[in-house]
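None of the figures in this text is laboratory data; all of them are computed from the coordinates on show. All of these numbers come straight from a predicted model, not from anything done at the bench. Heads up, the Cβs are rebuilt from the backbone with ideal geometry, glycines too, and the neighbour counts pull from every protein chain shown.
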Amino acid sequence: MDIFGDALRDRQAGLTGRMLTIRRDDGHVDRHDPALYFMPEPFAHEVALLNMVEGPVLDVGCGAGRTLLWLAGQSVAATGIDLSPGAVDVCRDRGCEDVMLADAMTDDLTRQGGPFRTIVVFGNNIGIGGTYEGAETLLRHLAHAAAPGARLLVTGLDVAKTDQEHHLAYHRRNLDKGRPRGEIRMRFEYEGAVGDWVPWYHPEPNELAKLANAAGWRIKSVGPSDGPFYAGVFEKAG
């Protein structure tokens, strides 16, 4: 089942008005238009990071290819990977020349090209690892594919920036169990299809330095960027 990919395929086919739902295991839902993944310009919290890009670039979780296409417009060589077959198909339909089906958690990313001078992990995709330990594993894999001195550019959601009681209660349950507040379980829902529950992890900014140091990176900067989002710049250590 590729619910995310199906939503992207439909949007690429011109079907509008269909909403993609992300449901958390406490019932909280985020519904949004798949058109979000087709925006032609970078989001506000990505702009400063993209000014630092040096090719070749690896875009992890490239979705519908919005960052790949923007980089191509800047004449920057970039490779995209995604775990969703539908996302890869849509990228190719939209003219992305170098995009592959791959799992950043398990695949040898050096086979996708590189070594990469810049690795982009936008859209909260640091959460691919599912847990704190999984995020460390992901960062190790990315370090293996990175050139000496490479930059890793990350955008994420600072989950602590909320005053909504249902979020705060979820965070308290995690902390009471000894887990980071940003670990969640979620699933995709779209047009009557319901996906499996999967783990996802939203690292807080103050957790990134520890993760980076354990995985072959060092933090150059991390800070707020447009509302609840943060932007982080890592550099490959050694």
>> So, in region 199-217, exactly how many residues are without any contact (Cβ under 8 Å) to a residue 60 or more places away in the chain and assigned to a helix (DSSP H, G or I)?
In response: 6
>> Checking the conditions here, which among PHE4, PHE43 is within 25 Å of VAL159 (Cβ to Cβ) and assigned to a loop (DSSP other than H, G, I, E, B)?
In response: PHE43
> Taking only pairs six or more apart or across chains, which ones have beta-carbon atoms under 8 Å, a first residue in region 102-121 that is over 13 Å from HIS144 (Cβ atoms), and a second residue that is aliphatic (A, V, I, L, M) and surrounded by fewer than 18 Cβ atoms within 10 Å (Cβ to Cβ)?
Replying inline: ARG117/ALA147; THR118/MET52
> Across region 21-40, what is the total count of residues that are part of a loop (DSSP other than H, G, I, E, B) and within 17 Å of the chain's Cα centre (by Cα)?
Replying inline: 1
> Which residue pairs have Cβ atoms under 8 Å apart, sit 6 or more places apart or on different chains, and have a first residue in region 20-34 that is in contact (Cβ under 8 Å) with a residue 40 or more places away in the chain and over 17 Å from GLU183 (Cβ atoms) and a second that is surrounded by fewer than 18 Cβ atoms within 10 Å (Cβ to Cβ) and among the basic types (Lys, Arg)?
Replying inline: LEU20/ARG31; THR21/ARG31
>> Going residue by residue through region 29-52, is there one that turns out to be touching a strand residue (DSSP E or B) at 6+ places or on another chain (Cβ under 9 Å) and of a type in the set (Gly, Ala, Ser)?
In response: yes
> Restricted to region 221-238, and to residues that are among the charged types (D, E, K, R) and surrounded by fewer than 18 Cβ atoms within 10 Å (Cβ to Cβ), which residue is farthest from ILE128 (Cα to Cα)?
Replying inline: ASP226
> Mind checking whether some residue in region 203-220 is within 26 Å of ARG11 (Cβ to Cβ) and surrounded by 13 or more Cβ atoms within 10 Å (Cβ to Cβ)?
Replying inline: no
> Right, LYS161: surrounded by fewer than 20 Cβ atoms within 10 Å (Cβ to Cβ), among the basic types (Lys, Arg), on the phi < 0 side of the Ramachandran plot and part of a loop (DSSP other than H, G, I, E, B) or not?
Replying inline: yes
> Taking the condition surrounded by 17 or more Cβ atoms within 10 Å (Cβ to Cβ) and either polar (S, T, N, Q) or free of Cβ contacts under 8 Å to residues at least 24 places away in the same chain (or both), does THR155 pass?
Replying inline: yes
> What number of residues within region 106-133 are touching a helix residue (DSSP H, G or I) at 6+ places or on another chain (Cβ under 6 Å) and surrounded by fewer than 16 Cβ atoms within 10 Å (Cβ to Cβ)?
Replying inline: 1
